[in-house]
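Nothing in this text is a laboratory measurement; each read-out follows from the coordinates by a stated rule. Because the structure is a prediction, the values reported are computed rather than measured. Backbone-built Cβ (ideal geometry, glycine too); neighbour counts: all protein chains shown.
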Amino acid sequence: MAGGRGETLILQEKKSLNWGWPLAQLRKAIKNSIVILAMLVIWEAAPRAGLVNTTFLPPVTEVAAAWWQLLLSGDLAEHMGASLARSMGGFLLAILISIPLGLAIGWWKPVSEYLNPLLELMRNTAALAILPVFILLLGLGETSKVAIVLYACLFPLLLNTISGVKNVDPLLIKSARSMGLSPVSLFRKVIIPASLPTIFVGIRQAGASSILVLVAAEMVGATSGLGYLIQYSQFSFLIPQMYAGIITISVIGVILNFLLVNLEKRLTGWKQSYRE
Amino acid sequence: MTAKISIRHVQKSFRIRRSPGQHSEHQHALSDIHLEVRQGEFMVIVGPSGCGKSTLLDLLAGLTRPDSGQLLLDGKEIAGPDLDRGIVFQQYALFPWKTALANVEFGLEAKGISRRERRETARHYISLVGLSGFEHRYPYELSGGMKQRVAIARSLAYDPEVLLMDEPFAALDAQTRETLQSELLRIWEATGKTIIFITHGIDEAVYLGQRVAVMSSRPGRIKQIVDIPFQSRRNEEDLRSNPEFVRLRHEIWELLKDEVSRAQEQEKQKTLDSFGGKETLLKGGA
Ligand SMILES: Nc1ncnc2c1ncn2[C@@H]1O[C@H](COP(=O)(O)OP(=O)(O)OP(=O)(O)O)[C@@H](O)[C@H]1O
Ligand SMILES: [Mg+2]
C-alpha cells in the first residue's frame, strides 16, 4: 500500500515522544508553579522586611497558620460546606434546566431567533445587580442565594448550548441523514456530541461565575459561608483569617476549573488541540 | 437491462441573495436533467465546477427534492434518504468525535447490526481501503486522503445497492488513487453495485466508467453521454496506452472545453485548475 512507510514512521515518532514523558512532565510542573512560588516568597518577605504594613498584609506563614486554626476549629469546613452547597446546588440546577432547554431552543430555529435577544440581555444583566430583587422576593435565606447562583449560571449555559446546536456542521447532519437516521437518533448521535465542546464552554463559564456570584451574595446577608467569613473577619479585624478565606475561595475556583477542564478533555478529546 | 435509476426532466434551483439585505432570487442549478442508469452500471459524470453535480447527487440521495421532474429508483420515486444508497461526500463528512473504526460502524449501527458483527465488518472495510492500524485514530489525526478513504469504507460497509460518489479520489496521491480505482472496479465487478461517480479527472472517467455523462455549465444539463466500450479494465497500463482510450479521452476533453470556458466566464474563477490543471487537459488534447 502506498504511504505504508510513512505510516510506520509516524507510529515510531509517537513512541519516542512517550520516552521523553517524565522529563516533559517535570518541566511542565516547574513552569506551572514557579511564578506562584515566587509570589509566595515575596508575600512572606515584603511584610517581614517592613516594605508593607503587617497589619494589612501579614506574612503568608501567618495567614497559613490562621488557615490551619480555622481548619482545626471546624469553622472552615462549616463555611466551606455552606458555600459549596449553595454554589454547586445552583450550578447543577442550572445545568439540569438550561442544557435540555438550550438543546430544544437551538434545534427549533424560529424560537431561538425570537428568544436570543432576550437571553443576551439577561446574560448581560449583572447577576449581582438584581440580587436586591432576589432578596426582596425570596428573603435572606438559602433560597435567594441558590437562586442568584442559578441565575448567574443559567444564561451562559443556555446561550452556549443554543449556539452549539445551531452551529453543528450542516454537512454532518446531511451525512447522518443520508444513512437514514431518524430525527431522534440524529439528535442523540450527531447534534449532542457535535455541540458538546460549545456546551462545555458554557459549563466552565457557569462554574466560574457560580463561585464569584455566591461569595458576593454571602457578603450581603448571610451568617455562614466563605463570603461571610471574609466579611466578618474584616469587620473584626482578623486580617490573617480574612486572607485565609480569600485563598480558600481561589483554591476552590482553581480546583473546580481543573475538574471541569479534565471532564471536558475526557468527553471532547476528539477535538484537535492547536497548542501541540 | 432495466433502469435502476431514472432521472426524468429534473430541475432544481436555489434561492440566493447576492448581497445581504437584498431580495433573494432564484438561481438555476440543474435544468432538465434526463438520465437513465442501468442496473449494475458504472456511470461517471464529469462537468465544470459549479454545474450542479453535487446538487444532482443530493437529489439522488434523497436529501433534497427537485423543483420539478422525477427521480426513480427501481421504478419508485425517491422519497428520502435510505441505506439502499451509499453516498461519499466531496468533503468527507466524517464525525470528528468518532474514531475511523466508529465512523465506519456508523451506518451499520443505523442498519441495526449487532455490535460484534459491526466491528468485524468495519475492520474488514478499513483494511480494504488500506488503513489497518489507523482504526482508533480520530479524523483530525488523519490526512485528507486518509479521511477520504474512511468515508469510502463507511459507505461500502453498509452494503448499499447504489453507490453515489462525489469526487472520492480527488484528495489522494496518484499511487493510492490507482490502488483504490482498481479496488473499486474489483468491488463493482464482484458485487454488481450500481455506481454513480463524479470526477474532475478525464483519465479517471474513461478508465472507470462504462458510460461518461458530460454536463454543461450552469444551469447543468446532460450535454452528451459517451460510451466507453472496454470489456475488461483490469490491466490499466495497457488500457491507458490503448489508442481507443486516447481517442475517448480527447472526445470528452473537447466536449468539456467549451463548457469549462463558459463556466469560467460565468464565475470568473479558476475552474480549469480544479480539472487537474491545464496539463491534464493539454495531455488529453495531445
Ligand atoms: N445550498 C445551496 N444554496 C444555494 N446555492 C447552492 C447550494 N448548493 C449549491 N448551490 C449552487 O448551485 C450550483 C451547483 O453547485 P454544486 O455544488 O452542485 O456544483 P458542482 O458541480 O458539484 O461543483 P464542483 O465541481 O465545484 O464540486 C452552484 O452555482 C452553487 O453555487
Ligand atoms: Mg461538487
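Using 22 Å as the Cα-Cα cut-off, could you pick out the over-long pairs in A:Lys174/B:Lys147; B:Lys76/B:Lys223; B:Lys76/B:Lys147; A:Lys271/B:Lys111; B:Lys4/B:Lys257; B:Lys12/B:Lys147? Check vs 22 Å cut-off fails for B:Lys76/B:Lys223; B:Lys76/B:Lys147; A:Lys271/B:Lys111; B:Lys4/B:Lys257; B:Lys12/B:Lys147. Measure out, as a whole number of angstrom, how far apart the alpha-carbon centroids of region A:145-216 and region B:155-222 sit. Here the two parts' Cα centres lie 39 Å apart.
Over the residues of chain A, the helix contribution to mean residue ellipticity at 222 nm works out to -27000 deg cm²/dmol, using -39500 (n - 2.57) for each DSSP H run of at least 4. How would chain B be classified by its alpha-carbon gyration tensor: rounded, prolate or oblate, with rounded meaning a/c under 1.5 and the a/b versus b/c comparison settling the rest? Rounded shape, in that the Cα axes give a/c under 1.5. Note on region A:119-217: Kirkwood radius taken over Cα pairs, Stokes-Einstein applied at 10 °C and 1.306 mPa s, translational D equal to 105 µm² s⁻¹.
If I take R0 = 45 Å and measure r between the Cβ atoms of B:Phe14 and A:Leu26 in this structure, what FRET efficiency does the formula 1/(1 + (r/R0)^6) give, to the nearest 0.05?
E between B:Phe14 and A:Leu26, to the nearest 0.05, is 0.20.
Would you compute the Debye intensity of region A:178-276 from its alpha-carbon atoms alone, equal scatterers and no solvent, and pass along log10 I(q)/I(0) at q = 0.24 Å⁻¹ to two decimals? Summing over Cα pairs of region A:178-276 leads to -1.18. Computed about its Cα centre, the charge dipole of chain A is approximately 1200 debye, with only Lys, Arg, Asp and Glu carrying charge at their Cβ.
Can you give the FRET efficiency for A:Ser33 and B:Arg262, using 1/(1 + (r/R0)^6), R0 = 60 Å, r = Cβ-Cβ distance, to the nearest 0.05? That gives a FRET efficiency of 0.35. Ranked from largest, the principal axis spans of the Cα set of the protein assembly as shown equal 99, 55, 49 Å. Extending 7 Å from Cα along the Cβ direction at A:Asn257 and again at B:Arg116 yields two label points whose distance is 4.9 nm. Taking one quarter of the surface of the convex hull spanned by the alpha-carbon atoms of region B:172-263 gives a direction-averaged projected area of 6.4 nm². Largest first and in whole Å, the equivalent-ellipsoid semi-axes of chain A read 41, 32, 13, each the square root of five times a Cα gyration tensor eigenvalue. With the charge dipole of chain A set up from +1 on Lys and Arg Cβ and -1 on Asp and Glu Cβ about the Cα centre, the Cα lying farthest toward the positive end among the listed residues A:Leu26, A:Cys153, A:Ala65 is that of A:Leu26.
Go ahead and run the numbers for FRET between A:Thr143 and B:Asp159, Cβ-Cβ distance against an R0 of 56 Å, rounding to 0.05.
On the way: r = 59 Å, r/R0 = 1.06.
E(calc), rounded to 0.05, equals 0.40.
Normalised by the number of residues in chain B, the average gap of Cα pairs under 8 Å and 6 or more apart makes the relative contact order 23 percent. Remark: region A:164-207 is approximated by an ellipsoid whose semi-axes, taken from the C-alpha gyration tensor as √(5λ), come to 24, 10, 6 Å, largest first.
Dipole magnitude for the protein assembly as shown: computed about the Cα centre from +1 point charges on Lys and Arg Cβ and -1 point charges on Asp and Glu Cβ, it is near 160 debye.
Dividing the summed helix terms, -39500 (n - 2.57) for each DSSP H run of n ≥ 4, by the number of residues in chain B produces a 222 nm estimate of -12500 deg cm²/dmol to the nearest 500.
Working from label points 7 Å from Cα in the Cα-to-Cβ sense, the A:Lys109 to A:Lys265 distance is 3.8 nm. Rg over Rh for region B:1-77 works out to 1.05, using Cα positions for both radii and the Kirkwood form for Rh. Across the options B:Trp188, A:Ser175, B:Ile202, the greatest Cα extent toward the positive end of the charge dipole of the protein assembly as shown (unit charges at beta carbon of Lys, Arg, Asp, Glu) belongs to A:Ser175.
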